[in-house]
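K.L.:
Dropping the structure in here first, questions after.
The values are calculated or read from the model by the stated rules, or taken from the named source; none is laboratory data. Quick caveat, the model's predicted, so the values are computed rather than measured. Quick reminder, even Gly has a Cβ in these numbers, built from the backbone with ideal geometry, and neighbours come from all protein chains shown.
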């Protein structure tokens, strides 16, 4: 924890934005330093995220690739996404592309799910099941998935 506490404010905010691209969330966490333990930091992250606005959700979504598409580049966001989607194999690529397109037509944003530890088949089944949601319900699910992903990524930042 001392390493994160010692970072310059802007550097910590940059690392937090790679976990969830919501400036208010990152600023709230950075402003509450110092943290005595990683548990304190993770709790602060959870407390800063419960009421994401629609605009914040859409901003955070803009940093996520479609499930099944491997992000390009070597920035922290791309590395996180590649490792999170490791369970998605090439054999499902076409089915995921088609389901992603249907989801985006229905909800006007990318499908987001916490992919860590899940197979491509699971991700596709979840996507298909969520197509039945109404837009408000789906946006709430997306917000929760963003929080899960942010927590996993923040744990990686703490460990690095």
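K.L.:
Evaluate the following for residue 124: is it under 24 Å from residue 12 (Cβ atoms) and in a helix (DSSP H, G or I)?
P.N.:
Numbers: under 24 Å from residue 12 (Cβ atoms): no; in a helix (DSSP H, G or I): yes.
Criteria not met by residue 124.
K.L.:
Please go through segment 1-43 and give me each residue that is in a loop (DSSP other than H, G, I, E, B), under 18 Å from residue 160 (Cβ atoms) and in contact with a helix residue (DSSP H, G or I) (Cβ under 7 Å, 6 or more places away or on another chain), ordered by number. Write out each step before concluding.
P.N.:
Start the filter on segment 1-43 by keeping residues that are in a loop (DSSP other than H, G, I, E, B), which leaves 1, 7-8, 20-22, 32-37.
Keeping just the survivors that are under 18 Å from residue 160 (Cβ atoms) gives 1, 7-8, 20, 33, 35, 37.
Passing the criteria: 1, 20, 33, 35.
K.L.:
Within segment 23-41, how many residues are crowded, with 16+ Cβ neighbours inside 10 Å and in contact (Cβ under 8 Å) with a residue 24 or more places away in the chain?
P.N.:
In the first step, residues of segment 23-41 are kept if they are crowded, with 16+ Cβ neighbours inside 10 Å; the result is 25-30, 33, 35, 41.
Pick out the ones that are also in contact (Cβ under 8 Å) with a residue 24 or more places away in the chain and you get 25, 33, 35, 41.
Going through segment 23-41 one residue at a time, the tally reaches 4.
K.L.:
Among the candidates 55, 90, 46, which residue alone is surrounded by fewer than 15 Cβ atoms within 10 Å (Cβ to Cβ), at pLDDT below 95 and farther than 17 Å from residue 15 by Cα?
P.N.:
Details: 55 fails: at pLDDT below 95; 46 fails: farther than 17 Å from residue 15 by Cα.
Answer to the selection: 90.
K.L.:
Quick one: which of 75, 100 is over 24 Å from residue 24 (Cα atoms) and either within 18 Å of the chain's Cα centre (by Cα) or modelled with pLDDT of 95 or more (or both)? Give the steps one after another, and end with the answer.
P.N.:
On the way: 75 fails: over 24 Å from residue 24 (Cα atoms).
Among 75, 100, only 100 is over 24 Å from residue 24 (Cα atoms) and either within 18 Å of the chain's Cα centre (by Cα) or modelled with pLDDT of 95 or more (or both).
K.L.:
Out of 138, 144, I need the residue that is surrounded by fewer than 17 Cβ atoms within 10 Å (Cβ to Cβ), modelled with pLDDT of 90 or more and within 16 Å of the chain's Cα centre (by Cα). Which one? Can you show your working first?
P.N.:
Numbers: 138 fails: surrounded by fewer than 17 Cβ atoms within 10 Å (Cβ to Cβ).
Selected residue: 144, the only one of 138, 144 that is surrounded by fewer than 17 Cβ atoms within 10 Å (Cβ to Cβ), modelled with pLDDT of 90 or more and within 16 Å of the chain's Cα centre (by Cα).
K.L.:
Same structure again: I want to confirm something. Restricting to segment 104-123 and keeping residues that are farther than 13 Å from residue 69 by Cα and touching a helix residue (DSSP H, G or I) at 6+ places or on another chain (Cβ under 6 Å), which single residue is surrounded by the fewest Cβ atoms within 10 Å (Cβ to Cβ)? Steps first, please.
P.N.:
Step one: filter segment 104-123 for residues farther than 13 Å from residue 69 by Cα, giving 104-109, 113-114, 116-119, 121-122.
In the following step, the residues that additionally are touching a helix residue (DSSP H, G or I) at 6+ places or on another chain (Cβ under 6 Å) were identified as 107, 109, 113-114, 116.
Values: 107: 17, 109: 17, 113: 20, 114: 18, 116: 15.
Applying the filter and picking the extreme gives 116.
K.L.:
Are any residues in segment 44-63 without any contact (Cβ under 8 Å) to a residue 60 or more places away in the chain and part of a helix (DSSP H, G or I), and if so, which ones?
P.N.:
44, 47, 48, 55, 56, 58, 59, listed by residue number.
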